[in-house]
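Notes follow the structure.
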Amino acid sequence: MLFWIAVAVMTALVAILLLLPLARAGKGASLPEAEDRDKEAAVYRDQLKEIARDRENGLISEAEADYARAEIARRLIAAEARGGDASAAERPRRRRLAEMLVIVALPAIGVPLYLLTGAPGLPDQPLEARLENPGQNIELLLAKMERHLLQNPEDGKGWDLVAPIYYRNQVFDRAVEAYRNAVRLQGASPERSGNFAEALIALDGGKVGEEAVAQLNAVLKIAPGDARARFYLALSLEQQGKRAEAFQAFQAIRKDAPADAPYLELVDRHIAATDPSKPAPPAEAAAPGNPDAADVAAAEGMSGADRQQMIMGMVETLAARLQNEPDNFEGWMRLVRSYGVLGMKDKAAEALATALKNFPADTDKGGQLKALGESMGITAEGGK
C-alpha cells in the first residue's frame, strides 16, 4: 500500500511540474495582450479626433481627412477584432487540452508500463540481501567474496575463486595476494601455481622474478612436461641475458613438442633470438611480455589451459608494462595487434585510443597506429 501511495504522490508532483509552465503561459498571454489592445485602440481614437481638429482649422483638405479617417478606422477595427478572433479563443482551449493530457496521460501510461516491466509486488532489497544473492552480477559477487574472505581469511577455496577475477580485471596486486593465499591454503597445482606465477609476472611489468620462478618450478615438480611453466622459465633465462641456457631450454621444449604442434613457430622465434652463434637482438625484440600477431597465432595451437594462459599472460603483461612505458610505440603496436588477433575488439579499441593519446593521429607514429587499427577493422571509438 505504501508503494502505491508513493507512486501517487510522485505522479502528482510530476503533473504539477508540467502544469506550472502552462498556467504561467496562460496568464502571461491574457492580461498583457488585452491591455495592449486597449491602448492601441485608444491611440487610434485620439488620432481620429486630431484629424477632425486639423480639418476644422483648415490644416488638411476634406479629401485628405477622409483618407486618413478611413485608414485609421481600418486599423481601429482590426485592433478591436483581435480581442475576439478565432486564434485567441483557441489558445485557452488548447491549453486546457494540454493540461488534461498531462493529468490523464501520466497515470494512464506510466502505471500499465510499470506493471508490465516492473515488479510492484517485490519488496525493496537492501545491499545486504543483494550481496547474499548476487546472481550473475560480477561486481556484487566480488563484493560478497571480499566480505566473506575478510571474515574467513583461511578459506582457500574462496581465494581460489576470487583470484582469476582480479587477474582478468588487471587488478594484479590483489590477484597476487589471492593466489598466494590459495596456494598456501590449497597447496600447489599446475593450474594454481602457474596462474600465481603469471600474476606475479604481470604485477612486475613482465619480469619473471624469483617468486614467479619458484612457482613455475613447483609446477614442474608436479607436471614435468607443463608447457606453460617451461616456456616462462625459458623466458626468465632469456630476460636475464643467459642466452645459451635459454637457447637450450627452448630447444628442449621444441624437442618434446609434437611434430605438428602449431606453437613450434613461437618456440623457433625464441630459439633464433637466443642462438649464441648469432648477434644478440635488440632488447625490445627479446623482452618477454611483448607478443605480436605471429606469437599469438603460433601459441593458438597449444591445448586447453596452457594455450589460453600463455597467450593471455603474454598480452596482459605487455598491457601492464605499457602503463609504466606509455612512450613504447612498438609495444602499443603489438598490443593492439595482439588483441585484434585474439578477437578482443573492445580491448584493441581501448588500447588504440590510449596509444593515440601518447601518439596523436596527425603524427607519423599516430598515423601508423590508426592505419593498423583500420586494417583490422578497429577504431579508437570502439571495436567494429
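Structure notes:
- FRET E, pair residue 361, residue 165, Förster distance 51 Å, beta-carbon r, rounded to 0.05: 0.90
- As a rough footprinting exposure proxy, the listed residues 204, 173 were ranked by other beta carbons within 10 Å of their own, and the order from fewest upward is 173, 204.
- Computed lengthening from residue 147 to residue 221, 0.36 nm per intervening residue step minus Cα-Cα distance: 23.2 nm
- Neighbours of residue 244, meaning other residues whose beta-carbon lies under 11 angstrom from its beta-carbon, give a summed charge of -1 when Lys and Arg score +1 and Asp and Glu score -1.
- Each of residue 368 and residue 259 was given a label point 7 Å from its Cα along the Cα-to-Cβ line. The distance between the two points is 4.1 nm.
- A full extension of the chain between residue 375 and residue 186 corresponds to an added length of 63.4 nm, given 0.36 nm per residue minus the alpha carbon distance.
- Peptides ranked, highest mean first, by Cβ atoms within 10 Å: ranges 232-244, 331-343: 331-343, 232-244
- Relative to the current alpha-carbon distance between residue 154 and residue 240, full extension at 0.36 nm per residue lengthens the span by 27.3 nm.
- By the count of other C-beta atoms within 10 Å, a proxy for reagent exposure, 62, 50 are ordered fewest to most as 62, 50.
- Here each label is just a point 7 Å from Cα along the line to Cβ, and for residue 252 and residue 173 those points are 3.6 nm apart.
Where a number appears in this text, it was derived from the coordinates with a stated rule and is not lab data. Small disclaimer: the values here were computed from a predicted structure and weren't measured. All Cβ positions, even for glycine, are placed from backbone atoms using ideal geometry, and neighbour counts span all protein chains on display.
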